[in-house]
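What follows is a set of notes on a single structure, which appears directly below.
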Amino acid sequence: MEVIGKSVIRKEAWDKVSGRARYTNDFQSVGMLSAQMVISPYGHAKIAGIDTSKAWQVPGVRAILSGKRYPLTGEAIRDRPPIAVDKVRYHGEPVAVVVADTPSQAKTAADLINVKYELLPVVNSPTQAFQKGAPLVHEHLGEYKKEEDSLPVPGTNIATHIKIRKGDMEQGWAESETVVEASFSFAPSDHAAMETRCATAEIQPDGTIIIMTSSQAPFMVKRLLADYFDEDMGKIIVHTPLVGGAYGGKAAVQLEVLAYLASKELGGKPVKLFNTREEDILTSPCHIGLDATVKLGADRNGKIKAAEIRYLWDGGAYSDKAIDVTRSGTVDCTGPYNIANVWCDSYCMYTNHPYAAPFRGFSHSELSFAIERTMDLLAQKLNIDPLQLRYLNAIMPGDTTPTRVRLTKSNVGDLRKCIEKLRELIQWDEGPIKVINDRFIRVKGVSCSWKTSTIDPNAPSGAILTFNRDGSINLMSGVVEIGTGTKTILAQILAEKLKMDVDKVHVRMEVDTQTTPEHWKTVASRGTYMAGRAVLEAAEDVIRQLKEVAACVLRAPEEDLEVGGSRVFLRDDPVIGLHFKDICYGYKYPNGNTIGGQIIGRGNFVLRHLTGLDPETGEGKPGPEWTPAAYGVEIELDRRDYTYRLVKACTVLDIGRVMNQKAAEGQVMGAMSMGLAFAGRETFYFDDLGRVLNPQLRTYRPLRYGENPEYVVGFVETPQLDSPYGARGAGEHGLMGMPGALGNALSLAAGVQLNHLPLIPELIWRAKEAKHHASL
Amino acid sequence: MALQQITLHVNGEDHNLTVRSADTLLFVLREKLGLTGSKPGCLNGDCGACTVNVDGWPMKSCLMLAIEAVGKQVTTIEGLHNTPIQQAFVEEFAFQCGYCTPGFIMNCHSLIEQHPDADGQTIKEWLESNICRCTSYIEIEKAVKSVLRKD
């Protein structure tokens with residue numbers, strides 16, 4: 001391999017270090033109006049009145065949108081008014097939108113809008129939402145338009161219920177000599193991408209709707225706007241430039257709708273809506289919370305025989321993507337273990353919390369915390385080394401998943417190899433505990449995970465290649481550059497296939513839905529696989545066309561030709577050949593006659609053999625492959641005050657093939673960083689009114705420089721045979737095992753079971769106190 | 001709101017501008033001068049994405065009014081050209097989405113100017129004022145240390 005695996009510098013690198021890289025909010029135009037939302041200060045309240053009279057007196061105010069019934073929006077269930085009417089269901093929900101000439105005018109006016117609220121009882125957790133007689137977040141759940149596989153239960157707060165019924169539970173429990181059961185919970189939190197979400201909209205006189213948005217799903221914006229508002233899809237053009245971090249949070253469609261409505265209100269004038277940090281945390285969709293109960297049974301050798309699981313996902317006020325997150329969490333509900341008998345009930349619950357978007361790992365870091373903590377409890381009870389217990393039960397080719405997909409080496413990789421490599425990298429055999437002195441203790445915890453991506457079975461990806469007259473190639477793909485470097489990987493795939501210099505591949509970073517071939521959504525660690533396959537097909541298309549012209553000019557059969565170094569040449573005599581520049585726009589003979597013409601390569605890819613899930617048993621094929629991984633976290637606990645320091649974090653994942661060494665390491669390390677922050681400190685603190693008390697980056701704190709541990713990344717390479725060069729998804733996986741491994745390390749260090757997130761010193765202290773009082 | 005005529009010295013050039021007294025330096029850099037390299041991340045001084053260099057020191061431009069910058073030398077990311085710290089960020093993959101990058105680079109650039117021999121503790125004190133959500137910080141640490149060592 002010449003290009004694959006090398007740390008090729010990202011194509012947009014110099015733009016990003018020089019301030020030239022432009023994101024949605026960096027595009028300005030004269031006459032662009034500013035929109036400002038008025039948001040709900042409560043979790044659940046009736047809107048008793050909205051007085052906009054003072055706001056209208058502010059100079060520069062052009063429009064105020066409030067109190068109007070627009071078509072309901074939402075992906076799995078149409079349950080969300082773009083601007084709240086009748087009542088608000090979460091703290092941060094848009095109640096009005098003011099449009100003015102400048103941001104400060106819009107803000108001044110928004111602050112003068114007087115909304116009268118009457119408080120309603122708040123549903124403050126998914127467990128509360130699940131109780132009989134709980135206040136209803138949606139009284140008319142049965143009347144909403146919905147996707148066929150969304151299964152809401154009217155008269156309750158259940159937005160959907162996904163089931164796994166695999167094997168024979170009675171037999172499973174009968175074979176289990178040791179049984180453990182525990183409950184886990186954590187509240188919603190945030191993606192906290194550094195670029196807050198932003199959208200602009202303009203409607204031209206001919207009806208063309210031009211949107212620019214900081215999104216992972218520009219093609220979905222197009223589809224949904226057309227669908228929600230009965231617009232002509234061909235007249236909607238969505239532009240997405242570089243995106244400043246997304247992590248799933250920008251896969252939801254929200255601000256685009258508001259910007260569109262605001263522009264429409266003003267006869268199509270251009271309007272920009274840019275989230276403040278507080279709005280980005282409160283109003284725009286967040287990271288899902290979870291209440292879980294896990295029961296595992298094993299025989300005397302530690303072989304797990306039965307798993308009974310209940311997940312109550314905190315979908316928040318609107319179901320949007322939470323239903324898909326719930327489904328995804330169900331299909332991989334057991335973690336990466338071979339269990340013959342599985343019973344899982346996974347509910348997407350409505351609460352009065354900010355609603356959920358996907359979050360890096362799409363339910364898997366969340367369920368992994370519950371499963372991996374239970375695995376450690378089981379190991380403890382069985383008196384088996386926790387890493388050995390995982391090795392023993394590791395899912396393998398020939399096993400079946402909870403949804404009964406039969407696994408192969410290609411589609412599941414090699415978890416055992418990951419575990420073995422982890423064992424070395426974290427020096428597991430030294431033992432998990434090292435006492436430093438009376439105060440400090442160093443402890444290691446481990447975990448495992450796996451993930452498939454439950455994306456639409458017909459999700460497409462396309463690629464187009466055009467030539468410049470110097471023989472260099474332009475690569476167009478609908479993948480959004482959200483920071484993962486996927487577009488550079490695509491250039492590497494193309495350069496490898498054509499055996500050419502990767503510097504001669506130019507990648508278009510911006511996506512526009514009119515001229516860029518669709519890539520469903522830039523989510524689910526699917527860019528390299530799907531867009532990569534499309535690029536390979538486009539490369540084949542280009543090779544075929546180049547050879548066709550060259551064969552004629554060189555008077556040689558196509559079968560004798562090779563492509564490499566931006567040339568087409570004779571395999572047995574490479575000196576005889578033609579440079580791309582001489583044939584990519586047709587070959588011109590000395591007398592002017594020209595053959596061939598502009599070469600345009602096209603490729604597409606669609607996933608194969610995926611199905612929906614059986615509503616009663618969950619049987620079905622939800623995704624094409626699983627990436628397994630093993631993790632270790634080492635912490636140093638101060639036993640005096642329960643503060644702790646992150647010493648080391650390690651991920652070993654079966655990446656199939658490393659496509660770009662430094663980029664791959666960066667993805668895994670960055671994901672670990674996010675996972676440790678989620679596990680150790682990030683959460684929304686709610687009060688009794690459902691208000692988020694910490695919607696700022698000084699009270700909601702991601703890791704900062706110097707708070708990070710040492711990171712260790714290990715790769716196992718079991719190729720996924722149908723993926724470009726064997727690569728598996730790798731963007732999310734470093735995150736997924738961090739909560740479990742950190743929870744396991746701290747539980748062992750503190751001598752208490754820590755089953756809630758975030759794992760802050762206060763939580764450890766409370767658990768210690770509870771244990772102490774229980775023993776009195 | 002009172003408007004004022006001011007002159008800002010940015011990236012080696014004087015700019016005559018009309019601004020509101022309440023306009024932040026960040027707002028004026030972006031909206032009046034088109035220097036969008038400085039990013040709004042929190043408008044609250046928490047994230048450092050808007051960091052610029054004022055008279056040699058890093059400054060969060062969301063916390064400074066434009067009128068406070070009168071008479072000072074302001075350098076933004078657009079004022080750096082192929083500096084060693086930019087090169088190091090590229091080589092060490094010290095960014096992913098790139099949104100926090102200008103702020104980090106301006107902070108690093110100021111650090112290198114003020115403390116060319118900064119030790120690990122000093123680096124930490126300076127850089128913990130900025131947030132990068134994508135990387136693990138290890139890459140940024142490598143980048144800044146490689147430049148300090150060269151000095």
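The values are calculated or read from the model by the stated rules, or taken from the named source; none is laboratory data. Small disclaimer: the values here were computed from a predicted structure and weren't measured. FYI the Cβ positions are ideal-geometry reconstructions off the backbone, even for glycines, and counts take in every protein chain you see. Areas reflect the complete protein model, heavy atoms only, side chains present, ligands, DNA and RNA absent. Shrake-Rupley method; radii C 1.70, N 1.55, O 1.52, S 1.80 Å.
Looking only at residues in the stretch A:583-628 that are free of Cβ contacts under 8 Å to residues at least 60 places away in the same chain and not in a loop (DSSP other than H, G, I, E, B), the one that is most open to solvent (accessible area, probe 1.4 Å) is A:K588. Among the residues of the stretch A:157-172, those that are in contact with a Phe, Trp or Tyr (Cβ under 8 Å, 6 or more places away or on another chain) and either open to solvent by 80 Å² or more (accessible area, probe 1.4 Å) or under 14 Å from A:A317 (Cα atoms) (or both) comprise A:N157, A:I158, A:A159, A:T160. Residues in the stretch A:21-50 that are touching a strand residue (DSSP E or B) at 6+ places or on another chain (Cβ under 6 Å), away from chain B (no Cβ under 14 Å) and among the small types (G, A, S): A:A35, A:S40, A:A45, A:A48, A:G49.
Only a single item in (1) outside the structural domain of B:V144 (by TED's automatic domain parsing); (2) touching a residue at least 24 places away in the same chain (Cβ under 8 Å); (3) not charged (D, E, K, R) is not met by B:I85, and it is number (1).
Can you say whether A:V331 is out of contact with any Phe, Trp or Tyr (no Cβ under 8 Å at 6 or more places or on another chain) and either crowded, with 24+ Cβ neighbours inside 10 Å or among the aliphatic types (A, V, I, L, M) (or both), as far as the supplied structure shows? Let's see the steps before the verdict.
Working: out of contact with any Phe, Trp or Tyr (no Cβ under 8 Å at 6 or more places or on another chain): yes; either crowded, with 24+ Cβ neighbours inside 10 Å or among the aliphatic types (A, V, I, L, M) (or both): yes.
Answer is yes for this residue.
Selection of the stretch A:1-15 for residues being more than 14 Å from chain B (Cβ to nearest Cβ) and not β-branched (V, I, T) yields A:M1, A:E2, A:G5. Annotation for the stretch B:74-84: no member residue is among the small types (G, A, S), open to solvent by 10 Å² or more (accessible area, probe 1.4 Å) and farther than 27 Å from A:V243 by Cα. Residue count for the stretch A:274-302 satisfying the condition of being open to solvent by less than 10 Å² (accessible area, probe 1.4 Å), within 14 Å of chain B (Cβ to nearest Cβ) and assigned to a strand (DSSP E or B): 1. Note on the stretch A:380-419: residues that are over 28 Å from the mean Cα position of the chain (by Cα) and free of Cβ contacts under 8 Å to residues at least 12 places away in the same chain amount to 4. Check the stretch A:303-322 and report whether any residue there is over 30 Å from A:P432 (Cα atoms), within 17 Å of the chain's Cα centre (by Cα) and assigned to a helix (DSSP H, G or I). Yes, the stretch A:303-322 contains a residue that is over 30 Å from A:P432 (Cα atoms), within 17 Å of the chain's Cα centre (by Cα) and assigned to a helix (DSSP H, G or I). The test for being open to solvent by less than 10 Å² (accessible area, probe 1.4 Å) and either within 27 Å of A:G245 (Cα to Cα) or in a helix (DSSP H, G or I) (or both) does not hold for B:I112.
Suppose we keep only residues that are of a type in the set (S, T, N, Q) and assigned to a helix (DSSP H, G or I) within the stretch B:115-142. Which one would you say is farthest from the other protein chains (Cβ to nearest Cβ)? Walk me through it before giving the result.
Within the stretch B:115-142, the first condition is being of a type in the set (S, T, N, Q), and the residues that meet it are B:121-122, B:129-130, B:135-136.
Pick out the ones that are also assigned to a helix (DSSP H, G or I) and you get B:121-122.
Details: B:Q121: 9, B:T122: 11 Å.
The qualifying residue farthest from the other protein chains (Cβ to nearest Cβ) is B:T122.
The single condition among (1) within 30 Å of A:G731 (Cβ to Cβ); (2) outside the structural domain of B:K145 (by TED's automatic domain parsing); (3) open to solvent by 10 Å² or more (accessible area, probe 1.4 Å) that B:K39 does not satisfy is (3).
For every residue, the table says whether it meets (1) touching a helix residue (DSSP H, G or I) at 6+ places or on another chain (Cβ under 8 Å); (2) surrounded by 24 or more Cβ atoms within 10 Å (Cβ to Cβ); (3) within 14 Å of chain B (Cβ to nearest Cβ); (4) part of a loop (DSSP other than H, G, I, E, B).
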residue: A:R223; (1), (2), (3), (4): yes, no, no, no
residue: A:A226; (1), (2), (3), (4): yes, no, no, no
residue: A:E231; (1), (2), (3), (4): yes, no, no, yes
residue: A:G234; (1), (2), (3), (4): no, no, no, no
residue: A:G245; (1), (2), (3), (4): no, yes, yes, yes
residue: A:G248; (1), (2), (3), (4): no, yes, yes, yes
residue: A:A252; (1), (2), (3), (4): no, yes, no, yes
residue: A:E256; (1), (2), (3), (4): yes, yes, no, no
residue: A:Y260; (1), (2), (3), (4): yes, yes, no, no
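Residues of the stretch B:24-44 that are facing another protein chain (nearest Cβ under 8 Å) and part of a loop (DSSP other than H, G, I, E, B): B:G34, B:L35, B:T36, B:G37, B:S38, B:K39, B:P40, B:G41, B:C42, B:L43, B:N44.
Remark: A:L494 matches the filter, which requires a residue to be within 29 Å of A:G248 (Cβ to Cβ), open to solvent by less than 10 Å² (accessible area, probe 1.4 Å) and not β-branched (V, I, T). There is no residue in the stretch A:749-760 that is within 14 Å of chain B (Cβ to nearest Cβ), within 30 Å of A:K417 (Cβ to Cβ) and over 22 Å from the mean Cα position of the chain (by Cα). Within the stretch B:117-129, the only residue that satisfies the criterion of being in contact (Cβ under 8 Å) with a residue 24 or more places away in the chain and either assigned by TED's automatic domain parsing to the domain that holds B:D46 or open to solvent by 60 Å² or more (accessible area, probe 1.4 Å) (or both) is B:D117. Going through A:S53, A:S18, A:S66 one at a time, which residue ends up being away from every other protein chain (no Cβ under 14 Å), of a type outside the set (A, V, I, L, M, F, W, C), open to solvent by 10 Å² or more (accessible area, probe 1.4 Å) and out of contact with any Ser or Thr (no Cβ under 9 Å at 6 or more places or on another chain)? Step by step, each of A:S53, A:S18, A:S66 is checked, and only A:S53 is away from every other protein chain (no Cβ under 14 Å), of a type outside the set (A, V, I, L, M, F, W, C), open to solvent by 10 Å² or more (accessible area, probe 1.4 Å) and out of contact with any Ser or Thr (no Cβ under 9 Å at 6 or more places or on another chain).
Can you work out which of the residues in the stretch A:652-709 that are acidic (D, E), part of a loop (DSSP other than H, G, I, E, B) and away from chain B (no Cβ under 14 Å) is nearest to A:G731 (Cα to Cα)?
Within the stretch A:652-709, the subset acidic (D, E) is A:654, A:665, A:682, A:687-688, A:707.
When the remaining residues are screened for being part of a loop (DSSP other than H, G, I, E, B), the result is A:682, A:687-688, A:707.
Now drop any that are not away from chain B (no Cβ under 14 Å), which leaves A:687-688.
On the way: A:D687: 34, A:D688: 37 Å.
Step by step, filter the stretch A:652-709, then rank; the result is A:D687.
Pairing residues of the stretch A:76-100 that are at positive phi and in contact (Cβ under 8 Å) with a residue 40 or more places away in the chain with residues that are β-branched (V, I, T) and open to solvent by 10 Å² or more (accessible area, probe 1.4 Å), at Cβ distances under 6 Å and at least 6 apart in sequence or on separate chains, gives A:G92/A:I39.
Tell me, yes or no, whether the stretch B:84-103 has at least one residue that is assigned to a loop (DSSP other than H, G, I, E, B), within 11 Å of another protein chain (Cβ to nearest Cβ) and within 21 Å of A:S34 (Cβ to Cβ). Talk me through it step by step, then tell me what you get.
First pass over the stretch B:84-103, keeping only residues assigned to a loop (DSSP other than H, G, I, E, B): B:92-100.
Restricting the remaining residues to those that are within 11 Å of another protein chain (Cβ to nearest Cβ) gives B:92-100.
Next, from what is left, pick out any that are within 21 Å of A:S34 (Cβ to Cβ): B:99.
Yes - at least one qualifying residue is present in the stretch B:84-103.
Exactly one residue among A:T484, A:T522 is open to solvent by less than 30 Å² (accessible area, probe 1.4 Å) and either assigned to a loop (DSSP other than H, G, I, E, B) or out of contact with any Gly (no Cβ under 7 Å at 6 or more places or on another chain) (or both), and that residue is A:T522. Only one of the listed residues (A:E195, A:E175) is at negative phi and buried (at least 21 other Cβ atoms within 10 Å of the Cβ). That residue is A:E195.
In the stretch A:693-711, the residue that is nearest to the chain's Cα centre (by Cα) out of those that are buried (at least 19 other Cβ atoms within 10 Å of the Cβ) and of a type in the set (S, T, Y) is A:Y700. With respect to being in contact with a Pro (Cβ under 6 Å, 6 or more places away or on another chain) and among the small types (G, A, S), B:S110 fits the description.
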